[in-house]
Amino acid sequence: MHLRAKLNEPERSLIPPPIFYDVLVGYSSLSNYRALVGGDRFWRSQRSILSRQGLQADPAWKWLPD
């Protein structure tokens, strides 16, 4: 409990309080997890389009498949 309180102490020049609980809520959120899984599923279903359109050779898109 002391660690949580310490992490929630505001350092106003860097981050707003209470950062620990904000991160914990975001990390353990089922809706965030579902959104990430959905994004991964979408990427895996669409990445073949990237190769079919030859975008992998374009320097602006080269980072995406990696």
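The values are calculated or read from the model by the stated rules, or taken from the named source; none is laboratory data. On a predicted model such as this, the values are computed, not experimentally measured, just so you know. Methodologically, a virtual Cβ is constructed for each residue, glycine included, from the backbone with ideal geometry; neighbour enumeration extends over all protein chains shown.
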Report task. Name the single residue, out of those in region 40-63 being among the aromatic types (Phe, Trp, Tyr) and outside any loop (DSSP other than H, G, I, E, B), that is surrounded by the fewest Cβ atoms within 10 Å (Cβ to Cβ). Result -> 42
Query raised in the report: Hey, residue 12 hits all of (1) modelled with pLDDT of 70 or more; (2) loosely packed, with under 10 Cβ neighbours inside 10 Å; (3) of a type outside the set (Phe, Trp, Tyr) but one; which does it fall short on?
Result: (1)
Report summary line: Result of the Cβ filter at 7 Å on region 35-58, keeping first residues that are touching a residue at least 12 places away in the same chain (Cβ under 8 Å) and partners that are of a type in the set (D, E, K, R), at least 6 apart or interchain, is none
